[in-house]
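Trainee: Would you mind keeping the following structure in view while I ask a few things?
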Amino acid sequence: MWRQRADVVVVGTGVAGLAAALAAHRQGRTVVLLSKAEQTATFYAQGGIAVVLPDTDDSVDAHVADTIVAGAGLCDPVAVRSIVADGYHAVRELVGAGAVFDESTPGRWALTREGGHSRRRIVHAGGDATGAEVQRALNHAATSLDVRRDHLALEVLVDDGAVAGVLVRSADGLGVIHAPAVILATGGLGHLYQATTNPDGSTGDGVALALWAGLPAADIEFIQFHPTMLYTADAGGRRPLITEALRGEGATLIDRHGVSVTAGVHPMGDLAPRDVVAAAIEARLTATGDDCVYLDARTVPHLAARFPTVTAACLAAGIDPAHQPIPVIPGAHYSCGGVVTDVDGRTALPGLFAAGEVARTGMHGANRLASNSLLEGLVVGGRAGRAAAGHAAVAGPARVVTPDAPVRPVLPRAELQAMMTRHASVVRSGAGLRDAIDRFAEARPRTLVTRRDVEDAALTAVAATVAEAALARTETRGCHHRADFPDTDPAQAFSSRRGALGLTPAGC
Ligand code: SIN
């Protein structure tokens, strides 16, 4: 077993991970970054970063209010305000690191609008390639950091009630990085489902690592389905996102007959919060028996120049969005809940931090507002890096521990994804969720050797936790819709907390 020491280990290299690592490094700490995959979810983000700019008609109050409305009663207003208020500073820091945002006139950032926002407040880059620009700038800023590619985190090591490091698998086999502070920044869990906008590595690893370390996940039933994922018959895995900013620029959602999908559903129409639009699409598909609806972007000015990523994805699928409506369906997109943290990324386990999609700060509640995710990743990532650096300085070097290779319950991925897609997607029911939970309980123990093993174990742990949380929430709220409980129940206006339920493997 190889061994190494660091002050801070960051797991994940998207916006939150890199912001955290850079912040910890600036505090003079030794930082190791673990990366298991080529692409991050950050890279694929299209719409932009929601941020309140000075000298506009926007305000922190307005952004906070929009975020809280989207969050359907479960946001923590103090957390929302704290994160939103730091947004402009964090974006300026990113610009200092070299990020370039689109401008409407020289020196003035162009602002777009997305669902649930009462103002134009989304800054973007490369038209619809914001994430790629954020990733490029942060990668460049992090060139001198110790980034370990193809390194998988298997377990957060705990010694005497505090973090002692991470058990890692690399090409050199099992190893331990002994460190008093670990930051989980592993992104999301879209591959719980057969089709998702998320990159291949989004398998819920960070939530699973926290559950295995005995920490709870909160609001984990709230998985946001983006209304417009590109539809092509029989395609699974990562599917291209068709950014909501297209609707902000005038594109409309229609069915096969050209009838609006959202008319009469919500005062904001096609720019209603995502759960509303996704549910309206599901209802139309159920009513018509069609496989998809359409986003008509033919009237969007300068379509190819403003939306080059979407245009390229459509053309690659044989669809010319300038001349024909784009076939779309809702797709698993974002986990609103996750590992419970404060607004500095601190968990209840001393030395363990989490930031970005993996974390539940209270920012998103029951439904995330569009383009609040890069914002949260930047702000909380930076804060978690500073907090972890401070913790490491006080805690001192971690003691040497010698863990075994973990054995975890694992279900075959295809079966798990089929169960989740059938029973825990846009609309859920108690009967379906119970079927899924029964099946998840039959997971068989396996020693985690390959990347596939580790991811499948994480998916199994997280699927069971999501299904249990979704079953327990006997109401419809935010992006959690129950066919058997179609109304919001004011008595359930509280955040759910769930430990590693359903994880006792069959045969153990
Ligand atoms: C989009 O561009 O529609 C997605 C942005 C987001 O998920 O915040």
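Trainee: Calculated FRET efficiency, D172 and D438, Cβ-Cβ r, R0 51 Å, to nearest 0.05? Don't jump to the answer; show the numbers that get you there.
Mentor: Working: r = 40 Å, r/R0 = 0.78.
Step by step, r from the Cβ atoms, then E = 0.80.
Trainee: So if we plug the beta-carbon distance of R26 and A162 into 1/(1 + (r/R0)^6) with R0 = 25 Å, what FRET efficiency do we get, rounded to 0.05? Walk me through the intermediate numbers first.
Mentor: Numbers: r = 24 Å, r/R0 = 0.95.
E between R26 and A162, to the nearest 0.05, is 0.55.
Trainee: For the chain, give the magnitude of the charge dipole about the Cα centre (Cβ charges: +1 Lys/Arg, -1 Asp/Glu; no others), in debye to the nearest 20.
Mentor: Details: 45 positive and 53 negative charges, 163 e Å.
For this selection, approximately 780 debye.
Trainee: While we're here: Can you give the charge dipole size of the stretch 387-460 about its Cα centre, rounded to the nearest 20 debye, using +1 on the beta carbon of Lys and Arg and -1 on the beta carbon of Asp and Glu?
Mentor: Taking the Cα centre of the stretch 387-460 as origin, the dipole is about 60 debye.
Trainee: So, one more: Under the classification rounded if a/c is under 1.5, otherwise prolate if a/b is larger than b/c and oblate if not, where does the chain fall, given a ≥ b ≥ c as square roots of the Cα gyration tensor eigenvalues? The partial results should precede the final answer.
Mentor: Values: a/c = 1.66, a/b = 1.25, b/c = 1.33.
Cα axes put the chain in the oblate bin.
Trainee: Follow-up. Within the chain, what percent of beta bridges assigned by DSSP are antiparallel, to the nearest 5?
Mentor: 65 percent
Trainee: Have a look at P301, L315, P267 and report the one farthest towards the positive end of the charge dipole of the stretch 249-322, computed about the Cα centre with Cβ charges (Lys/Arg +1, Asp/Glu -1).
Mentor: P301
Trainee: If you don't mind, another one. Given the Cα-Cα distance of S118 and V78 and 0.36 nm per residue of separation, how much length would full extension add, in nm?
Mentor: 12.4 nm
Trainee: Sticking with this structure for a sec: Apply 1/(1 + (r/R0)^6) to the Cβ-Cβ distance of D291 and M268, taking R0 = 25 Å, and write down the FRET efficiency to the nearest 0.05.
Mentor: After rounding to 0.05, the efficiency reads 0.45.
Trainee: Additional query: So what is the relative contact order for the chain, in percent, with contacts set as C-alpha pairs under 8 Å and at least six apart?
Mentor: After rounding, I find 22 percent.
Trainee: Okay, next question. How would you classify the stretch 349-508 from its alpha-carbon gyration tensor, with a ≥ b ≥ c the square roots of the eigenvalues: rounded for a/c under 1.5, else prolate if a/b is greater than b/c, otherwise oblate?
Mentor: Oblate, because a/c is 1.5 or more while a/b does not exceed b/c.
Trainee: In addition: Taking other Cβ within 10 Å of each residue's Cβ, how do V163, V449 sort, fewest first?
Mentor: Working: V163 26, V449 13.
Final ranking by Cβ density, sparse to dense: V449, V163.
Trainee: If each DSSP helix of 4+ residues adds -39,500 (n - 2.57) and the sum is divided by the residues in the chain, what number results at 222 nm, nearest 500 deg cm²/dmol?
Mentor: Mean residue ellipticity at 222 nm (helix-derived): -10000 deg cm²/dmol.
Trainee: Something else about it: What fraction of the DSSP beta bridges in the stretch 1-128 is antiparallel, stated in percent and rounded to the nearest 5?
Mentor: Beta bridges within the stretch 1-128, antiparallel portion: roughly 60 percent.
Trainee: Give the shape of the stretch 232-308 as rounded, prolate or oblate, defined through the alpha-carbon gyration tensor: a ≥ b ≥ c are the square roots of its eigenvalues, a/c under 1.5 means rounded, and otherwise the shape is prolate if a/b is larger than b/c and oblate if not.
Mentor: oblate
Trainee: I've got another one for you. Find which of H117, A354, F485 sits farthest along the positive direction of the dipole of the chain, computed with +1 on the beta-carbon of Lys and Arg, -1 on that of Asp and Glu, about the Cα centre.
Mentor: Going by the charge dipole, the pick is A354.
Trainee: Same structure, new question: Order of R482, R120 from fewest to most other C-beta atoms within 10 Å?
Mentor: Arranged by neighbour count, lowest to highest, R482, R120 become R120, R482.
Trainee: Sticking with this structure for a sec: Roughly speaking, what is the stretch gain from T299 to A393, that is 0.36 nm per residue apart minus the C-alpha to C-alpha distance, in nm to one decimal?
Mentor: Roughly 28.2 nm would be gained on extension.
Trainee: A follow-up question, please. For T447, T130, T186, what ranking results if the residue with the fewest other Cβ atoms within 10 Å of its Cβ goes first? Each step should come with its number before you reach the end.
Mentor: Numbers: T447 12, T130 29, T186 37.
Least to most surrounded, the residues fall as T447, T130, T186.
Trainee: How far apart, in nanometres, would the label points at T143 and R451 be if each is projected 7 angstrom from Cα along the Cα-to-Cβ direction?
Mentor: 2.5 nm
Trainee: At what distance in nm do the modelled label points of L315 and D57 sit from each other, each positioned 7 Å from its Cα along Cα→Cβ?
Mentor: Rounded to a tenth, the inter-label distance reads 3.6 nm.
Since every read-out is calculated from the coordinates, none of them should be taken as a lab result. This is a predicted model, so every value here is computed, not measured. All Cβ positions, glycine included, derive from the backbone under ideal geometry; neighbour counts span all protein chains shown.
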